Amino acid sequence: MNDFFKYTLATITGILIFGLIVGLICVISLIGMAASDSATAQVKSNSVFVLNLNGTIDERASDDFGILSMLAGSDMTVMGLDDILSSIEKAKENEDIKGIYIESGAVSFDSYATVQSLRDALADFKKSGKWIIAYGDVYAQSAYWLASIADQVYLNQTGEIDLKGLGMKAEYDTGLLEKLGIHYQAVRVGKYKSYVESKTRRDMSPEDREQRMAYMQGVWDRMVKDIAESRKITPEALNQLVNDSILAFADQQDYIKAKLVDKLLYPEEIKQVIKKKLGIEEDDDINQLSLTDMISVKSNKREDGDKIAIYYAVGEITDENLSSITGSDGIVGKPVSEDLRKLADDEDVKAVVLRVNSPGGSAIASEQIAHAIQLLKAKKPVVVSMGGVAASGGYMISCGADYIYTEPTTITGSIGIFGLVPNVTGLVTDKLGITFDDISTNRYTNYMENIVLSNNNADELNFMQNYVSRGYDTFITIVANGRKMEKEQVHEVAQGRVWLATDALGIKLVDQIGSLDDAVKKAAELAKVQEYYTATYPAKANWMEQLLEENKGGSYLDSELRNILGDQYESWVFLRTINKRNKLQARLPFSTRVE
């Protein structure tokens, strides 16, 4: 018996020691990963920057591209637009980097404006006299738009180009909800505020169709113009090509005849093309720099002079942090407002550029942030740079700036408010037979229960409509004050309507089409500073913070859910968290993510 306990104790001790050793190895490995990421990458002579487009490209990404994703063996890479733009700029400046090789894969972009920003940066890179080559097995539409800026575009011998035009298919759940005995009660201001229609209609309203079509046509015209100019064909010929056939099913030789690609190559052949560009022998190795390498390459920009802050306001606007459910911190009203107050009090910061990429969300949190921006603006210049979308609440927090820049394909406007509350009486009472009775000290004590569980709720809905109407009046007042317009002028272009940036320019919702760099230059001009450098806020989490957050199911699960749910992701998140959201919502009616 003594031997049994002795051997058992020895086994348990061995397991514990083994677990401790494995844990230490994991920690050391993670520290090594973090250290290697932070080290400055050395650029060899005659190098090429390899931009592998595979995964998702968002406004910002964590420094390590997702530790949990790597440990889980996921091939889902999340890249930051800010990192890619910075890397392209560094590649342009560095004499040892001779060109960029774009390898197109299964890539998803945050928005069309993200593609436009990358394309513009690559066009600027070419002005340095350096070359760009693109290659892909399959080019999805947005990926081809981006790749077409290259000097030469190559395709796999059996590859395809899925150029087909733009469209949206909206889903309407009203019929299903009726079968379940549920109907949504919507209160809104603005005939174009169509978010509620997926739960209250069976088809697209004329107003929603109008705004969606105007946006899609505007973006498509821009894509066609860019592709046609780069490939030296006419927009008319390109549109005709797309109208006459399904290009994804075309013979590969047809792509060459249409001038969409320069040559068909197998993967090993593209290496020889790059070697020829670099002027090296066939047997020589190519000096390559990945995006991770480029992030670690030291920039030539000097960090002296006055500081200009770039504050990233990215994601949905909420009253509280929903990251444990949505996988993204988003724009949380109180913390963001506090950050802006700190920037206002920071004497080292001479101006602030607010980079907004948000479909909106809580009207209350949006108003809080808009107020904080006014306090900030009273002390120093504030310039807004709009990303893929700055609509509804995203526009509310933007409109008070001294100056607004926007990308050509940014979605903006959507100045409107709505409330959406389900009524489940048909399900709970009529189908399940559950009934309710109540007591209360006052007439409207149980107003929310009546809205959800009673058909006799006209008074409550009337109060809610008045509440929404006041919210809309507050919204257009904020816009009128910020844009120096009359409220009547704002109302004419508001009513929830979504605007493409180029159209928004003509109705005074924005000041100029331009990039984030343009916004920084404007901020420096308004602050009257000559020598300056930029600092980004809020700071990205360090590797340990990222690991702890991702172990809560954050960005890794978020990426996986986006893959599974596709266009339905935003709707699922909204319904999943509806009980945590403010009654007043100022948000965009559709997703902006594209492939």
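Since every read-out is calculated from the coordinates, none of them should be taken as a lab result. Keep in mind it's a predicted model, so treat the numbers as computed, not measured. Using ideal geometry, Cβ is built from the backbone for each residue, glycine included, and neighbour counts are taken over all protein chains shown.
General observations
- A straight Cα-to-Cα reach below 29 Å connects residue 431 with the lysines 179, 199, 580, 583, residues fewer than 8 places away in its own chain not being considered.
- With 0.36 nm allotted per residue and the present C-alpha distance subtracted, the residue 442-residue 530 stretch has 25.3 nm of extension available.
- Simple label model, 7 Å out from Cα along Cβ direction - residue 157 to residue 348, nm: 5.8
- Highest mean first, the peptides 492-498, 437-443, 226-232 sorted by other C-beta atoms within 10 Å per residue fall in the order 492-498, 226-232, 437-443.
- Nearby aspartates and glutamates by direct alpha-carbon distance to residue 130 (threshold 14 angstrom, same-chain neighbours under 8 apart not counted): 89, 93, 95, 96, 151
- FRET efficiency, 1/(1 + (r/R0)^6) with R0 45 Å, evaluated for residue 93 and residue 239 via beta carbons: 0.75
- The stretch between residue 252 and residue 378 holds 39.4 nm of extra length on full extension. This uses 0.36 nm per residue minus the Cα-Cα distance.
- Rounded to the nearest 20 debye, the dipole magnitude of region 234-280 is 420 debye, with +1 charges on Lys and Arg beta carbons, -1 on Asp and Glu beta carbons, and the Cα centre as origin.
- The loop-placed GluC sites (Glu not before Pro) in region 76-175, going by DSSP, that have at most 12 neighbouring Cβ atoms within 10 Å of their Cβ come out as 95, 171.
- Full-stretch length increase - residue 298, residue 508 - with 0.36 nm per residue and alpha-carbon distance subtracted: 71.6 nm
- Pair residue 341, residue 473: separation of 7 Å Cα→Cβ label points (nm): 2.8
- Radius of gyration and maximum dimension Dmax of region 240-344, Cα, Å: 24.6, 60
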